[in-house]
Amino acid sequence: MSKSAKLAVLGSINADHILNLAHFPRPGETVTGEQYTVAFGGKGANQAVAAGRAGAEIAFIACLGDDAIGERILDQLAQDKIDTASVETVRGEPTGVALIFVNAEGENSIGICAGANAALTPACVARHQQVITEASALLMQLESPLESILAAARIARAHQTQVILNPAPATPLDDALLSLVDIITPNETEAESLTGIAVNSDDDAARAAGILHAKGIKTVLITLGRRGVWLSEQGKGERIAGFSVKAVDTIAAGDTFNGAFITARLEGKSLQDAARFAHAAAAIAVTRPGAQASVPWRTEIDDFLLQQS
Ligand code: RIB
């Protein structure tokens, strides 16, 4: 397959410990959960799985621990059509962990421990740089060391590989990194953290997008939850509505959106059509519990879109 169709994802792998409960515990309070699940997650892995299941040719650069769950995750990634040759097993480190509360409204609250994800250093990126240079697009998030994300973005820029950054979780970022990004996909909270603008309306989203454009980013997508996404290219913006579904939990909804969006772009879909495709994938994901367990396959996304038309 030509460079133009390949995707590289660089990011985290976590074992998600998910507890469903009626409401989030307040400080000092203990709440008995209704259900406890251990599932495969991590923003990097979720986005890689979303792209793989949506049909992308994808290679994943990541680190996991030399523990039993790390082995199981590696097997699952391969089953999800992901090239795992650049997933390193780090001796003496545990696989990353996320502790996730999900309340009765399907909202979540997450704490993470990096574990082996901290070993995704610039030296690790350098060992796998061919994956980036051969790809047409590089998709990253912010659960990996920032210096490694910057190193990967520099390699990508030097080899005409498009850089897509999902700036999650919200973290302050240097302009040096932002100037290397071609497409950025913050949610409202992350957009506020990057621009100082609280995004409560389309006008706010347009102003936040303007600030990100001024940092050198050509395409800005600000995801707006139920309201859809603000899509702005070089300052010309529009809101693309999402699909209305009954959410069970929103874990990995943003990850599914990102993986599906870039897959559709690599197939040559317009920004608008790619956003609609990604909305469909995310809409399916929120109707199912968990992270990777909720990510749909391509046939499911195509069927969902057919039912909408
Ligand atoms: O975006 C969802 C992911 O965030 C979860 O899978 C969890 O691992 C955290 O990284």
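The values are calculated or read from the model by the stated rules, or taken from the named source; none is laboratory data. Worth saying up front: this structure is predicted, and the values here are computed from it rather than measured. Virtual Cβ from ideal backbone geometry, glycine too; neighbours counted across all protein chains shown. Just so you know, the surface numbers come from the protein's heavy atoms only, side chains and all, with ligands and any DNA or RNA stripped out. Shrake-Rupley method; radii C 1.70, N 1.55, O 1.52, S 1.80 Å.
Listed values, structure above:
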{"item": "Listed pairs LYS215/LYS236; LYS81/LYS246; LYS43/LYS218 exceeding 19 Å between Cα atoms", "result": "LYS81/LYS246; LYS43/LYS218"}
{"item": "Heavy-atom accessible area ranking, 1.4 Å probe, most first, across THR84, THR287", "result": "THR287, THR84"}
{"item": "Simple Cβ-charge dipole of the chain, Lys/Arg +1 and Asp/Glu -1, about Cα centre, in debye nearest 20", "result": "660"}
{"item": "Net charge of Cβ neighbours under 14 Å - reference ASP302; Lys, Arg +1; Asp, Glu -1", "result": "0"}
{"item": "Heavy-atom accessible area per residue - the range 1-54, 1.4 Å, Å²", "result": "42"}
{"item": "Charged-residue dipole, Cβ positions (Lys, Arg, Asp, Glu), the range 111-266 about Cα centre, Debye nearest 20", "result": "300"}
{"item": "Surface share of carbon and sulfur [accessible, 1.4 angstrom probe, percent] for the range 184-302", "result": "48"}
{"item": "Descending semi-axes in whole angstrom, ellipsoid equivalent of the chain, from the Cα gyration tensor", "result": "26, 24, 20"}
{"item": "Accessible area (Å², per residue) of the range 133-201, counting only protein heavy atoms and a probe of 1.4 Å", "result": "36"}
{"item": "Loop trypsin sites (Lys or Arg not before Pro), the range 195-300, which have at most 10 other Cβ atoms in a 10 Å radius of their Cβ (DSSP)", "result": "LYS246"}
{"item": "Choice from GLY55, GLY28, GLY96 showing the highest fluctuation, given a GNM over the chain with Cα pairs closer than 10 Å", "result": "GLY28"}
{"item": "Using a Förster distance of 51 Å, the FRET efficiency for SER201-ARG72 (Cβ separation, nearest 0.05)", "result": "0.70"}
{"item": "Proximal charge balance of SER12 [Cβ under 14 Å; K/R count +1, D/E count -1]", "result": "-4"}
{"item": "Other-chain or far-sequence residues with amide H under 5 Å of GLY242's (modelled H)", "result": "GLY228, VAL229"}
{"item": "Estimated distance in nm for a label pair at GLN234 and THR37, the labels positioned 7 Å out from Cα along Cα-to-Cβ", "result": "4.4"}
{"item": "GNM flexibility winner over the chain from ILE82, ILE155, ILE222 (Cα, springs under 10 Å)", "result": "ILE155"}
{"item": "Prolate/oblate/rounded label for the range 77-192 (Cα gyration tensor, a/c 1.5)", "result": "oblate"}
